[in-house]
Every structure is written in structure tokens, then in C-alpha cells.
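J.: Structure in C-alpha cells, see below.
The values are calculated or read from the model by the stated rules, or taken from the named source; none is laboratory data. Bear in mind the structure is a predicted one, so any value in this text is a computation, not a measurement. Here the Cβ positions follow ideal geometry from the backbone for every residue, glycine too, while neighbour counts run over all protein chains shown.
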Amino acid sequence: MKLRVSAALGLRISAGLTLVALALMVWSLLEPTPLPVMVAMSVGQGLGTIAFGIFGWVVFKDLTRARAERKSLDRISLVNIELPRKHEPDQEKTGS
């Protein structure tokens, strides 16, 4: 069974996990007792790492999709069209 997650949903999950991890880090700064510090350094770091991994995966998939679309468009093109060059005054023919 494949799990299909859209890019927007992946980014939302990543942002949510990042905010939770950031809240745990701030909690450990505001209450510097052993429990909040240990939670922030283990759970917060784990959530932040997962969020970064999801973000990296979404970026990677988006770049590979864009690259594949560009290659498929290049294959579809049958004729290379050149735009006319601008008229250069140095190459004008002078009258007799």
C-alpha cells in the first residue's frame, strides 16, 4: 500500500512538526529544569529532524517532477524556432 501525500499537505505537516519542536525548545528555555530540557533535546530534536526530512522530500520530488516535465516538453517539440535577429546598423548596405 502506497501512501500518497500532496506537496501542500507535506509542507503543512512539516510546518506543524516544526512549530511543535520549536515550542518544546522554548519551553526548555523558559523552564530550565531537567525534564523540559530532556524533552526538548530528545522529542523536540526528533520532531525537527522528521519535519526537515519531510520538507527535503517535498523539495526533491518537486524538482524531479519539474525536470521530468521539462524533458517531456523537449521531446514533444518538433521544430526549433529561431527568433529573427535585430537589424544591426553596422551591416547596412550603403547606397552607390
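J.: Scanning segment 1-16 for residues that are part of a helix (DSSP H, G or I) and of a type in the set (Gly, Ala, Ser), which turns out surrounded by the fewest Cβ atoms within 10 Å (Cβ to Cβ)? Spell out how you get there, then give the answer.
T.: Start the filter on segment 1-16 by keeping residues that are part of a helix (DSSP H, G or I), which leaves 7-16.
Pick out the ones that are also of a type in the set (Gly, Ala, Ser) and you get 7-8, 10, 14-16.
Details: ALA7: 13, ALA8: 9, GLY10: 17, SER14: 19, ALA15: 13, GLY16: 12.
Ranking the qualifying residues of segment 1-16, first place goes to ALA8.
J.: Let me ask something else about it. State yes or no: is LEU35 out of contact with any Asp or Glu (no Cβ under 8 Å at 6 or more places or on another chain) and modelled with pLDDT under 70?
T.: For LEU35, the condition - out of contact with any Asp or Glu (no Cβ under 8 Å at 6 or more places or on another chain) and modelled with pLDDT under 70 - is not met.
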